[in-house]
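Engineer: What follows is a structure written as structure tokens; I'll ask about it next.
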Amino acid sequence: MKKKKRRSKVRLTLVCLLGALALAALIFMHFGGFDTGESANPEEFAVYAGTLDDISISEDARIIALGEATHGNVEFQQLKLDVFKLLVQNYGVRAFALEGDYGGCEQVNRYIHGGEGTAQEAAAAIGFAIYRTEEMADLITFMRQYNDTAAEGEDLRFYGFDMQRYVYSFHFLTEVCKELGVDTSDLEKLVDSDNWSEEYDYPARIEIITHVRTELEGKKNSTQAIHFAAMLLQYCEFQSVSDTDNGGAMRDKRMAENAQWIAEQEQKAGCEHIFVAGHNSHVARWGSYDSMGKLLSKELGESYYVIGTDFYKTRCNMPSGSSGRRTNQVFYSHDPLAKAAKTAGLDICWLDFAKASKSPELTKFLTQYIYMGTLGEGYTWFMRLLPPSYRIFQPPAELYDGMILVAEASPTSIIG
């Protein structure tokens, strides 16, 4: 009898211990640690924090970049429109450049200049699920409505600086080649409907597209057509890289070149500034490799102005790495600045680092290594066990000129 009681106590002890361990694991996985991290002084933070209307950009800035801490939150998508409106009104910016397919973004550009279809269909042409949202449709609608009444030369333009899709770039290249009298017979053999023909490998595609680009270089008014060809060559180059790290570095290098090409086109049109929007990891001045922002910063110096973003808490719309099914996942950034914004009751606020550096309390967090949230387009369960997988550990002032902080970010809804 005593043995049975003793066994029961042992079992109960084990069950309680396992239960406590499971509870501790759940708490850790939910918060990415057992709490939500350190906080800057919220009273001091509130003194220096402002609204989006307080954003002030140097007149010397040629490229103004806005980063997003995640691809799957409503607030970061809405900020693209909010900041762009401010730049259009106060700084004469007329170009919106997105981390999206150049050809797909040209389809959007044609739509905002009176093209057929809907804003939702235009957003879908960009080529990534993250942009098939009402927030992106709202931005496109704003640009179309603005252009409806814009004076000549004051219209808004929509660009993409990525090269991970090819359908629209190929279609528009073929279209313009025919207009300019360039033979497209070999070019058209490369595709079967909207897919690459299996009769040609990437080296063969590169050879044919390079020949077409050479032909275009001898034609007048062929600047955009040449860029379509360049985008296809970049796509082929990217797809030919087998190593993920090298592919990422190559992509950022090309995106930096493409952003500068856009800035040059706008300068020729009399516009000294462009607005660029992409993930924080691409636009930040720092990177473990030569990121787009790092390269642009080296090239342009103070003419490259960067606004980063972060969240205190996010419910982020992300696809599962295994199934691709999208779910909403909760994460905390452990960012002391974002936590201070949350504690101070500021849902969305702007922190200008030049202004905030006057505070010794805030300077400590701006110049020292802190955690910040960074979520891409993919979720796996082990991210819960490895907080560094969804955070970066860097001094904010090394990355950005200022940050927009969101207390609680809500998930996007993908259309279609």
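Engineer: Please name whichever of C349, S56, F331 sits farthest to the positive end of the charge dipole of the chain, dipole taken about the Cα centre and charges placed at Cβ: Lys and Arg +1, Asp and Glu -1.
Structural biologist: F331
Engineer: How large is the dipole of segment 203-291 about the Cα centre if only Lys and Arg carry +1 and Asp and Glu carry -1, each at its Cβ, rounded to the nearest 20 debye?
Structural biologist: Values: 9 positive and 12 negative charges, 45 e Å.
In debye, rounded to 20, segment 203-291 gives about 220.
Engineer: Report the Stokes-Einstein translational diffusion coefficient (µm² s⁻¹, integer) for segment 189-240, Rh taken as the Kirkwood radius over Cα pairs, at 4 °C with viscosity 1.567 mPa s.
Structural biologist: Values: Rh = 11.5 Å.
My calculation gives 112 µm²/s for D.
Engineer: Cross-link partners among aspartates and glutamates for K189, C-alpha distance below 19 Å, same-chain residues fewer than 8 apart left out?
Structural biologist: E175, E179, E198, E199, D201, E207, E215
Engineer: While we're on this one: Note the direction-averaged projected area, equal to a quarter of the hull surface, for the Cα convex hull of segment 55-139, in nm².
Structural biologist: 5.8
Engineer: Output the peptides 398-409, 379-390 sorted from most to least packed, where packing is the average of other Cβ atoms within 10 Å over each peptide's residues. Intermediate values should be presented prior to the final figure.
Structural biologist: Values: 398-409: 23.7, 379-390: 15.3.
Top to bottom by mean Cβ count within 10 Å: 398-409, 379-390.
Engineer: How many Å² of accessible area per residue for segment 92-184, probe 1.4 Å?
Structural biologist: In whole numbers, segment 92-184 has 37 Å² accessible per residue.
Engineer: Rolling a 1.4 angstrom probe over the protein heavy atoms, how many square angstrom per residue are accessible across segment 307-416?
Structural biologist: Details: 4460 Å² over 110 residues.
Ligands and nucleic acids excluded, the result is 41 Å² per residue.
Engineer: Is there a quick way to get the dipole size of the chain? I mean about its Cα centre, with the Cβ of Lys and Arg at +1 and of Asp and Glu at -1; what is the value in debye to the nearest 20? Present the calculation step by step, with values, prior to reporting the outcome.
Structural biologist: Values: 41 positive and 57 negative charges, 705 e Å.
So the dipole magnitude of the chain works out to roughly 3380 debye.
Engineer: Could you give the length gained by full extension between T51 and E302, i.e. 0.36 nm per residue of separation minus their alpha carbon distance, to one decimal place? Walk me through the numbers before you get to the answer.
Structural biologist: Numbers: separation 251, 0.36 × 251 = 90.36 nm, distance 2.33 nm.
My answer for the length gained is 88.0 nm.
Engineer: To check you understand DSSP bridge types, tell me what percent of the beta bridges within the chain (both residues inside) are antiparallel, rounded to 5. Present the calculation step by step, with values, prior to reporting the outcome.
Structural biologist: Values: 20 of 46 bridges.
Restricted to the chain, the bridges split so that about 45 percent are antiparallel.
Engineer: Rounded to the nearest 10 degrees, what's the angle between the helix 244-268 long axis and the longest principal axis of the chain, both from Cα atoms, 0 to 90?
Structural biologist: The angle comes out at about 50 degrees.
Engineer: Still on this structure: Using only the alpha carbons, work out the radius of gyration and Dmax of segment 210-276 in angstrom.
Structural biologist: In Å, with Rg to one decimal and Dmax whole: 14.0, 41.
Engineer: Just going by the charge dipole of the chain, with Lys and Arg at +1 and Asp and Glu at -1 on Cβ, which of F172, T70, M383 is farthest out on the positive end?
Structural biologist: Selected residue: M383.
Engineer: If I compute solvent accessible area with a 1.4 Å probe over the protein chains, what percent of it on segment 359-416 is carbon and sulfur?
Structural biologist: 61
Engineer: Once you charge only the Cβ atoms, +1 for Lys and Arg and -1 for Asp and Glu, what is the size of the charge dipole of segment 328-416 about its Cα centre, to the nearest 20 debye? Write out the running numbers ahead of the final one.
Structural biologist: Details: 7 positive and 8 negative charges, 47 e Å.
Roughly 220 debye for segment 328-416.
Engineer: Quick check: residue separation of Q224 and Q89 times 0.36 nm, minus the Cα distance between them. What number comes out in nm? Please report the intermediate quantities before stating the final value.
Structural biologist: Details: separation 135, 0.36 × 135 = 48.60 nm, distance 2.73 nm.
Result for the pair: 45.9 nm of gain on full extension.
Engineer: Ok, one more. With N set to the number of residues, divide the alpha-carbon radius of gyration of segment 147-192 by 2.2 N^0.38 Å and report two decimals.
Structural biologist: On the way: Rg = 15.1 Å, N = 46, 2.2 N^0.38 = 9.4 Å.
For segment 147-192, the normalised Cα radius of gyration comes out at 1.60.
Engineer: Hey, another quick one. Rolling a 1.4 angstrom probe over the protein chains, ignoring ligands and nucleic acids, what is the accessible area of D194 in square angstrom, nearest 10?
Structural biologist: Approximately 100 Å² of D194 is accessible to the 1.4 Å probe.
Engineer: Turning to a different aspect of this structure: Using a Debye calculation, one point per C-alpha and no hydration shell, please list log10 I(q)/I(0) for segment 313-393 at q = 0.16, 0.22 Å⁻¹ in order.
Structural biologist: These q points yield log10 I(q)/I(0) values of -0.71, -1.05.
Engineer: Of S222, F142, Y235, which is farthest along the charge dipole of segment 141-236 in the positive direction, counting Lys and Arg as +1 and Asp and Glu as -1 at C-beta?
Structural biologist: It is F142, whose Cα lies furthest towards the positive end.
The values are calculated or read from the model by the stated rules, or taken from the named source; none is laboratory data. For clarity, every value in this text was computed on a predicted model and none was experimentally measured. Using ideal geometry, Cβ is built from the backbone for each residue, glycine included, and neighbour counts are taken over all protein chains shown. Areas reflect the complete protein model, heavy atoms only, side chains present, ligands, DNA and RNA absent. Shrake-Rupley method; radii C 1.70, N 1.55, O 1.52, S 1.80 Å.
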